[in-house]
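Scroll down for the structure; my scribbles are underneath it.
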2 protein chains.
Amino acid sequence: MRRWLAWLWLCALCLLAGCAAPQAKAPVDLPSWADGPSRSAIVAFVNAVTDPSSPDFVPQEERIAVFDNDGTLWSEQPMYFEVLFAFDEVHALAPSHPEWKTRQPFKAVLEGDKAALAKSGHAGMMDLIVATHTGMSVDQFSQRVGSWMQKARHPSTGMLYNEMTYVPMRQLLDYLRAHGFKTYIVSGGEVEFMRPWTQAAYGIPPEQVVGTALGTEFVDAGGTFQLMRLPKLEFNDDGPGKPVAIQRYIGRRPILAFGNSDGDLQMLQWTTAGPGKRFAGLVHHTDSKREWAYDRDSSIGRLDKALDEARAKGWTIVDMQKEWKQIYVTDKP
Amino acid sequence: MRRWLAWLWLCALCLLAGCAAPQAKAPVDLPSWADGPSRSAIVAFVNAVTDPSSPDFVPQEERIAVFDNDGTLWSEQPMYFEVLFAFDEVHALAPSHPEWKTRQPFKAVLEGDKAALAKSGHAGMMDLIVATHTGMSVDQFSQRVGSWMQKARHPSTGMLYNEMTYVPMRQLLDYLRAHGFKTYIVSGGEVEFMRPWTQAAYGIPPEQVVGTALGTEFVDAGGTFQLMRLPKLEFNDDGPGKPVAIQRYIGRRPILAFGNSDGDLQMLQWTTAGPGKRFAGLVHHTDSKREWAYDRDSSIGRLDKALDEARAKGWTIVDMQKEWKQIYVTDKP
């Protein structure tokens, strides 16, 4: 009896001290995932690699999970949100750039002239990125992104951009971390565009964000030091660049990868080609009511070759419309 | 009385369950550091940034500590150990390269002809690196490095290379981690040369190793996938490259940095220029008996400008001869 009382005491004190035994962890589940094939595949995979008695057990330090961002963790229509940020920044910076009133592609952005913008093509887009992303310190850019994320609104939904992250995917990140996974973003987005907000949005700290990189230079301005952002693309973290970046930054092959487009194909191939049990997932945008429906014909997040390969190889294809009970935090669950 | 018994029970069970309260952690100390200015500075800094009631308190997630490797965590004489690895690899690979018998700088390495080797200069060194580090997959290279580390011996000490890591610095890494720091290597060494052994040697996992990077290419060879190492220098992680790499890979400014040469100067400047309390340390090679003594005139690990700046700014300069009771694990403590 005394032992039993002592045990009760132990439990009570442990809880008070935040000193719970492993099996007493707060349950982390996937409530926004419908009971369907994707949810089952995720749970079966996590159970297999985390059960020490399973032949597929993977030690905790090797449980690396990588996620694309645009279209995988948040929306990407009608345009990558980083490009919408660049448009907003052109408006914000225009007063100190009177020449933009007559110079393309800035004129097109300021006037909302989509045809002229489209005509400016890839070179025009790079001009916009250079004008809004570089020529300032890393700290200054980080502040501009942070400030934009707090007040900018999406053109069609009117939501804050960080409200357009996917609740089921945030639950998946929590679920994986609760099972000892280390979660990374591996995105075509520019790395410093993501870092100011990924911790709050996804629980992913700056050092676990891998992305496209612009040039950076260490500048000693008479005893004060800055890291200045240069108008130069140093690394394009897309397609075959993704496995290269995973090796460069992480140095381990992931055991789980999630993407949504052909730009993620090589990351999924690299992840699944390793020995042991592996998981590859694709978010398939099938919900024109709550989000957007697109795949093979979209210019943003085109999912064509990766869809074929996923079907051929039995990767998990998440049907957003059927498998997600809720998409955004503002949706009714 | 019953409460007191319950408390005893709690303590006993907690210890059995490995569920100790934070203050009951196994003590991690710095036994190989003599009671001197460097040890005092380290302890004072760690106490200041980890005490929640201190004005200098730093939240755990921002306790980033970065360490140079060559000359800071292990020795670097008579030549960076990675170069000695390249020499050993030339000998190991020579049977399948008969042309090396007559081609410089390979001939010089095979014959131990130091004059001819020196004459081949920087271009010759790059030829050796390309021949021994590239043209194979990341996995193959990792295996070669791991195998070398297990059997290769240093030319003058006869020790295994991983026995030439510094006991006091390994204790410092442990001490910092026990106080919530995340420890990184930021080295001029090639990143894939370090990753196969840094976990065992320093407790630093692959994803916390930043280094010089050679090119890598994702190759789809008919459904099997490889990351192939290319004969191309992509990033030189030395001097001003170190703060750039810290930002690119980690995305946070460290609060503690340790180096030993002018190649670490900008990393120390960047670390100490941030707001709040910061720590910059230099390992000063002053022990010609147990290790080597060198600074301003050495071609390896030259410490000149950084020594002046450290003295001017009051950074911690570790006098190895006076402040380290033990250097290698084989030394008598």
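The values are calculated or read from the model by the stated rules, or taken from the named source; none is laboratory data. Keep in mind the model is a prediction, meaning the values are calculated, not measured. Positions of Cβ are generated from backbone atoms using ideal geometry, with glycine treated the same way; all protein chains shown enter the neighbour counts. Note: areas computed on protein heavy atoms with side chains; ligands, DNA, RNA excluded. Shrake-Rupley method; radii C 1.70, N 1.55, O 1.52, S 1.80 Å.
Collect the residues in segment A:201-211 that are surrounded by fewer than 22 Cβ atoms within 10 Å (Cβ to Cβ) and not charged (D, E, K, R), keeping them in residue-number order. Residues satisfying the conditions are A:ALA201, A:GLY203, A:PRO205, A:PRO206. Screening A:ALA273 against (1) under 24 Å from A:ALA41 (Cβ atoms); (2) of a type in the set (Gly, Ala, Ser); (3) more than 9 Å from chain B (Cβ to nearest Cβ) leaves a single unmet condition, (3). Cβ-Cβ contacts under 6 Å between residues 6 or more apart (or on different chains), taken from a first residue in segment B:262-283 that is surrounded by fewer than 22 Cβ atoms within 10 Å (Cβ to Cβ) to a second residue that is hydroxyl-bearing (Ser, Thr, Tyr), are listed as B:ARG278/B:THR271; B:ARG278/B:THR272. Being touching a residue at least 12 places away in the same chain (Cβ under 8 Å), within 18 Å of B:LEU172 (Cβ to Cβ) and open to solvent by 60 Å² or more (accessible area, probe 1.4 Å) is a condition met by no residue of segment B:291-312. With a requirement of 1 or more residues that are at pLDDT below 95, the strands (runs of 3 or more DSSP E) lying completely within segment A:186-292 that satisfy it span A:209-221, A:224-235.
Taking (1) open to solvent by 30 Å² or more (accessible area, probe 1.4 Å); (2) closer than 23 Å to B:THR72 by Cβ in turn, B:TYR161 satisfies each apart from (1).
Scanning segment A:62-73 finds no residues that are open to solvent by 20 Å² or more (accessible area, probe 1.4 Å) and free of Cβ contacts under 8 Å to residues at least 40 places away in the same chain. Summed over segment A:103-125, the residues that are assigned to a helix (DSSP H, G or I) and either farther than 16 Å from A:LEU93 by Cβ or open to solvent by 30 Å² or more (accessible area, probe 1.4 Å) (or both) give a count of 15. If you filter segment B:74-83 down to residues that are in contact (Cβ under 8 Å) with a residue 60 or more places away in the chain and open to solvent by 10 Å² or more (accessible area, probe 1.4 Å), you find that the one that is nearest to the other protein chains (Cβ to nearest Cβ) is B:GLU82.
Residues of segment B:226-244 that are open to solvent by less than 20 Å² (accessible area, probe 1.4 Å) and at the interface with chain A (Cβ under 9 Å from one of its Cβ atoms): B:LEU227, B:GLY239, B:GLY241, B:LYS242, B:PRO243, B:VAL244.
The set of residues in segment B:126-135 that are hydrophobic (A, V, I, L, M, F, W, C) and open to solvent by 20 Å² or more (accessible area, probe 1.4 Å) comprises B:MET126, B:ILE129, B:VAL130, B:ALA131. Just one of the listed residues (A:ALA310, A:ALA306) is among the small types (Gly, Ala, Ser), part of a helix (DSSP H, G or I) and over 16 Å from A:GLY71 (Cα atoms), and it is A:ALA310.
Only residues that are outside any helix (DSSP H, G or I) and over 18 Å from B:VAL66 (Cα atoms) were counted in segment B:153-167, giving 8.
Looking at segment B:168-179, can you tell me whether even one residue there is part of a loop (DSSP other than H, G, I, E, B), of a type outside the set (Ser, Thr, Tyr), in contact with a strand residue (DSSP E or B) (Cβ under 6 Å, 6 or more places away or on another chain) and modelled with pLDDT of 95 or more? No - not one qualifying residue is present in segment B:168-179.
For beta carbons closer than 7 Å, sequence separation of 6+ or different chains, a first residue in segment B:133-152 that is part of a helix (DSSP H, G or I) and a second that is β-branched (Val, Ile, Thr), the qualifying pairs are B:VAL138/B:THR216.
Does A:ARG195 satisfy the condition of being surrounded by 22 or more Cβ atoms within 10 Å (Cβ to Cβ), basic (Lys, Arg) and over 15 Å from A:GLY71 (Cβ atoms)? Yes.
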